[in-house]
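Following: one structure in structure tokens, then a few remarks.
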Amino acid sequence: MTTVAQPLAQPHGEEHEDPREQLMFDPLPRGEMNRLAMESMYATSWKFWLVTGILVIVILYCLVYQWYILIMEGQGMAGVTRPDYWGVFLVNTVFWIGISHAGTFISAILRVMKVESRRPFTRAAELMTTFGLIQAGFSIFMHLGRVWLIYWMMPIPNVRRLWPDFHSPLMWDLLAITTYVLCSTMYLFLPLIPDLAMARDRTEGGWRKIFYRTLALGFRGTEGEWKNLTTAMNIFAFAIIPVMFSVHTIVSWDFAMATRPGWNSTVFGPYFVIGALHSGMAAVAIVLFIIRYTMKHMEYFIRKEHFNTIAMLMWIVSMAWAYFYFNDYLAPWYGGDKWDKLFQEYQEVGPKAYLWYTMLICNIAVPWLTLWNSKWRQTPWLLAIIGILINVGMYLERYIIIPVGVTINRMPFTWRQYEPRIEIPMTISTFALFLLLYMIASRLIPLIPVWEVQEGQENHTLRKVGKAHIPAISELE
Amino acid sequence: MATETESKLPGFTNQSEEELGGRWGMVIDQDLCTGCQACVAACSMENNVPIVGEDDAGYGRGMHWIRIERLWESMEFPEVKMTDFQPLLCQQCHNAPCEPVCPVFASVHSASEDLNLQVYNRCIGTRYCANNCPYQVRAFNWFDYNDERVYPELTTLHNQMNPDVTVRRRGVMEKCTFCIQRIHKAEDKAKSEGREIEDGEFTTACAQACPATAITFGRLDDPESAVIQIVAANPSRAGHLLEELRTQPRITYLAGGV
């Protein structure tokens, strides 16, 4: 009987992987990385201008011209009618607020949790928050019958001596969304300061120099400045998490507080938050795919591991969404209220039932059947397609809740199908505006938080133990 | 039985005090209603309700403040059984779902008249009130239906408008007011003569026009009024719409007697 020396327990699956495939263990010199980030910002091909031109034309026609018509003619240009007083404009609002949740989730929660693979794409996600909220705001304005009087909702002294009604869920909405816009913009700006200072130091002159010098607020990178910045970012990271959860909960109360069958549900708050994360994660996957394949040097920063991280989040959130959706479904199903039952039957076998089944396939079947596979999780184009499908599903979910849901009310005499009219070009315009803002931002600010990547790479080292390279992570804080 | 359903707790009853009160109310006898739509026409004339045109009316944008609902019991088309006609207008709920959801106080409760008011000038058109109204009786101005610059054919029709009622523009919500202009006129007259308003001294346009006297309007705070007497004479036929929502409507429907 011979004894063969067996290697001790190998770390599972790591023998085939080279740690240097991960961004954190593949460091570049600081100057080199700064050059990559700056070049990705400057390198602009004719394709960029072509897409920009198309988007500008789309916005001029679909947003400016159509909105002019909507305001001058009246809300009747849209397809809304009795009983579908709320239509696609509010679907867009909820959808874009949902998209905006991804940014905060990724950069605040993952930062607080110290998830290292978040580092290169926090800013891409934070930009989605700010630009998504702009689209949500536009969508609310499109929805109003007399949008030129929107300031009457502001609690400002006025000649009518009239205060807004804080009983109304719409007022809670206004306050929550305003808070969220301000917080998320600050939270986008704080980690941007060191990168703006970097860009300022590497810019020769011209308007860009003035732009970066103004926005960098004189940041020089001293010990005290870093300390203040880290403290401020920590405060914001912790403070913005409850804001994020509250915003979509309050948006859901617009529906849950109403006396309508199918809406009046206590689970709407967490259900909407999870729904927001579901569409948001998927949107991050799409954006990472676009960034990686359209911008210069992004293959270095955005790697397969990052797609893997996003894909796992998408999978988990999809399961959580399915749980909450079933929860929301269960109460009316089991409760046996006449109108709630009618509402569910209408979803399942009514004329818009195909939307319901498409939603279930896109939101549950597609992620569950694909994302379990780690090879597929690391395939960027596949993730982008799954991301688009999930977003289609989440859009349909909101569509089913709002225009399809309000079709069923307690007065059967008024039941009527809703058909979007001017909503279609105006919905396209919000997507175009989102893309355009994103493209402009990618030319103006470093889309990769370079200093965060550098900080991470300094903390990560490969220790040589015998012949093996063992990854080691140190905590500098 | 009635005593047993009452709460054992001292000071609590099943009915709130407001539920018993109210100032203006209406009784609609569905067994008398012939569905002639005279009330719809009268209301539109009295309250300057705009004519929306064929296309918009076909799309469900008719703005009538009162409508006659025609329903049938069986869903299989040839074997349908018509139910009673149901004139539906704002129920003037005491506990109105439309009021708390308005962010700008356009939908408010009148403490003195106990009516739901819609202040057109405050409305910014969020349409939350209409969405939240379980009776679906609110009407939205989708276009400038009353503007002759938009609809030139209205020029002569404008001569028949009621000068006592505001003409609404696009983007605001409106609804039945219980003909509040008539209420105010009667109140002013009674005040100048130094007396209380008598029941039956005036009535709303819909009640005035009804040839079958199916609609009766009057005071709820006067036990001798016609509204109270009719309900008291027909307790088995009386009921409110969607009572389970506890909106405490001021309109009582009489049905099921024939």
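A short reminder: the numbers here are calculations on the coordinates, not readings from a lab. What you see is a predicted model, and the numbers here were worked out from it, not measured in a lab. Cβ atoms come from the backbone with ideal geometry, glycine included; neighbour counts cover every protein chain shown.
Before moving on, here are some points about what is shown:
- Relative contact order (%) - criterion: Cα under 8 Å, at least six apart; region: chain A: 29 percent
- Rounded FRET efficiency, nearest 0.05, which uses the C-beta distance separating A:Glu348 from A:Tyr42 and R0 of 45 Å: 0.25
- Inter-chain shielding of A:139-146 (mean C-beta neighbours from other protein chains, 10 Å cut-off): 4
- Loop trypsin sites (Lys or Arg not before Pro), the stretch A:52-132 (other Cβ atoms within 10 Å of the site Cβ: 14 or fewer; DSSP): A:Lys114
- Cα-Cα over 21 Å, subset of A:Lys114/A:Lys304; A:Lys375/A:Lys467; A:Lys304/A:Lys375: A:Lys375/A:Lys467
- Computed on the stretch B:192-253, with alpha-carbon pairs under 8 angstrom and 6+ residues apart, the relative contact order is 21 percent.
- Peptide B:104-116 has a mean shielding of 2, counted as Cβ atoms of other protein chains within 10 Å of each residue's Cβ.
- Radius 9 Å from Cβ of A:Gln417, net charge of other residues (Lys, Arg +1; Asp, Glu -1): 0
- Exposure proxy order (Cβ contacts within 10 Å, fewest to most) of A:Leu133, A:Leu444, A:Leu70: A:Leu444, A:Leu70, A:Leu133
- The protein assembly as shown: antiparallel DSSP beta bridges as a percent of all, rounded to 5: 85 percent
- Taking a span of 15 Å or more along the helix axis (Cα atoms) and a mean Kyte-Doolittle hydropathy of at least 0.0 as the rule, the DSSP H helices of chain A that qualify are A:46-59, A:88-104, A:122-143, A:169-189, A:223-256, A:268-294, A:304-335, A:380-399, A:423-444.
- Gyration tensor verdict on the stretch A:91-138 (Cα atoms; rounded if a/c is under 1.5, prolate if a/b is larger than b/c, oblate otherwise): prolate
- Lysines whose Cα lies under 25 Å from that of A:Lys341, excluding same-chain neighbours fewer than 8 positions away: A:Lys352, B:Lys81
- All other residues whose Cβ lies under 14 angstrom from that of A:Pro261 are scored, Lys and Arg at +1 and Asp and Glu at -1, for a net of -1.
- Potential lengthening between A:Trp163 and A:Leu369 on full extension [0.36 nm per residue; Cα-Cα distance subtracted]: 68.9 nm
- Extending 7 Å from the Cα toward the beta-carbon at both A:Ile54 and A:Val115 defines two label points whose distance is 3.2 nm.
- Peptide A:61-73 shows a mean partner chain C-beta count of 1 within 10 Å per residue C-beta.
- Summing +1 for each Lys or Arg and -1 for each Asp or Glu among the other residues whose beta-carbon sits under 10 angstrom from that of A:Tyr85 gives +2.
- Between the beta carbons of A:Arg421 and A:Lys209, assuming R0 = 51 Å, the FRET efficiency works out to 0.60 to the nearest 0.05.
- The GluC sites (Glu not before Pro) of the stretch B:46-152 meeting both criteria, a DSSP state outside H, G, I, E and B (loop) and at most 16 other C-beta atoms within 10 angstrom of the site's C-beta, are B:Glu73, B:Glu76, B:Glu79, B:Glu148.
- The value of relative contact order for chain B, using C-alpha pairs under 8 Å at least six residues apart, is 28 percent.
- Cys residues of the protein assembly as shown counted as unpaired, since no other Cys beta-carbon is under 4.7 Å: A:Cys62, A:Cys183, A:Cys362, B:Cys33, B:Cys36, B:Cys43, B:Cys93, B:Cys102, B:Cys123, B:Cys133, B:Cys179, B:Cys210
- Loop trypsin sites (Lys or Arg not before Pro), the stretch B:143-187, which have at most 14 other Cβ atoms in a 10 Å radius of their Cβ (DSSP): B:Arg149
- For B:Leu115, the amide hydrogen comes within under 5 Å of the amide hydrogens of B:Ser110, counting only partners 5 or more places away or on other chains and with H modelled in the peptide plane.
- Exposure proxy ranking for B:Ser110, A:Ser442, B:Ser236, based on other Cβ atoms within 10 angstrom of each Cβ and starting from the fewest, stands as B:Ser236, B:Ser110, A:Ser442.
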